[in-house]
Amino acid sequence: MTRTSAAHERDRPEQRAVVAAVIERDGRFLAARRTAPPALAGRWEFPGGKTEPGEDDPAALRRECREELGVEIAVGPQVGPVYLVPGGTFEVRTYRAVLVAGEPAPIESHDELRWLVPGSPEVRELDWLEGDYVILDALEGVDRQDPESAADSALIRPNG
Ligand SMILES: Nc1nc2c([nH]c(=O)n2[C@H]2C[C@H](O)[C@@H](COP(=O)(O)OP(=O)(O)OP(=O)(O)O)O2)c(=O)[nH]1
């Protein structure tokens with residue numbers, strides 16, 4: 001074990017992996033409003049949850065979306081940074097995904113779903129889980145580490 005990974009293990013002894021899906025369709029992505037636990041109820045997130053032992057990230061996401069939304073998805077590339085949930089217990093990895101069967105419904109864990117246009121005012125009017133804001137930034141092409149990138153993405157316009 002290298003010194004770096006030893007330090008990593010020591011600093012974050014009980015981290016658990018969480019996966020989240022940005023399900024995209026027709027230029028929109030799916031947002032879901034949580035029903036539990038009470039401290040997080042009413043906050044918006046990307047569908048997903050904790051990975052189970054022996055499950056890779058795509059398999060965990062397919063299972064969560066089947067359970068929570070009643071749909072089958074295909075999982076694409078990772079999007080945005082990996083982040084730690086405040087408290088440090090969970091590490092969240094987010095992936096782009098598309099629907100392959102079914103229409104999402106708030107079957108379990110959520111009481112409302114919305115299809116949102118990245119960058120539209122409605123996105124920022126919702127009360128998201130804290131960590132998800134870096135993913136919203138990534139979907140809008142904004143890198144908060146690099147102030148130049150916001151200006152760069154604003155330049156990429158047809159006729160611009
Ligand atoms: N699903 C999901 N969880 C997120 C996101 N952002 C974020 O900070 N989290 C946090 C909330 C929770 O503390 C943790 C995931 O927990 P969860 O309650 O969704 O996991 P789960 O579905 O496996 O829950 P459970 O069956 O164990 O109750 O990660 C997100 O976009 N989606």
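The values are calculated or read from the model by the stated rules, or taken from the named source; none is laboratory data. No experiment lies behind these values; they were computed from the predicted model shown. Every residue, glycine among them, receives a Cβ derived from its backbone with ideal geometry; neighbour counts consider all protein chains shown. With ligands, DNA and RNA removed, areas are computed over all heavy atoms of the protein, side chains included. Shrake-Rupley method; radii C 1.70, N 1.55, O 1.52, S 1.80 Å.
Data for the structure
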quantity	calculated
Residues that are closer than 27 Å to Pro121 by Cα and open to solvent by 50 Å² or more (accessible area, probe 1.4 Å), drawn from region 38-74	Pro38, Ala39, Leu40, Arg43
Residues located in region 101-138, provided they are open to solvent by less than 60 Å² (accessible area, probe 1.4 Å) and hydroxyl-bearing (Ser, Thr, Tyr)	Ser109, Ser120
Selection count, region 33-64, where residues are touching a residue at least 24 places away in the same chain (Cβ under 8 Å) and either among the charged types (D, E, K, R) or more than 22 Å from Thr89 (Cα to Cα) (or both)	7
Residue match in region 143-152 (condition: more than 10 Å from the ligand (Cβ to nearest atom), open to solvent by 60 Å² or more (accessible area, probe 1.4 Å), modelled with pLDDT under 95 and in contact with a helix residue (DSSP H, G or I) (Cβ under 8 Å, 6 or more places away or on another chain))	yes
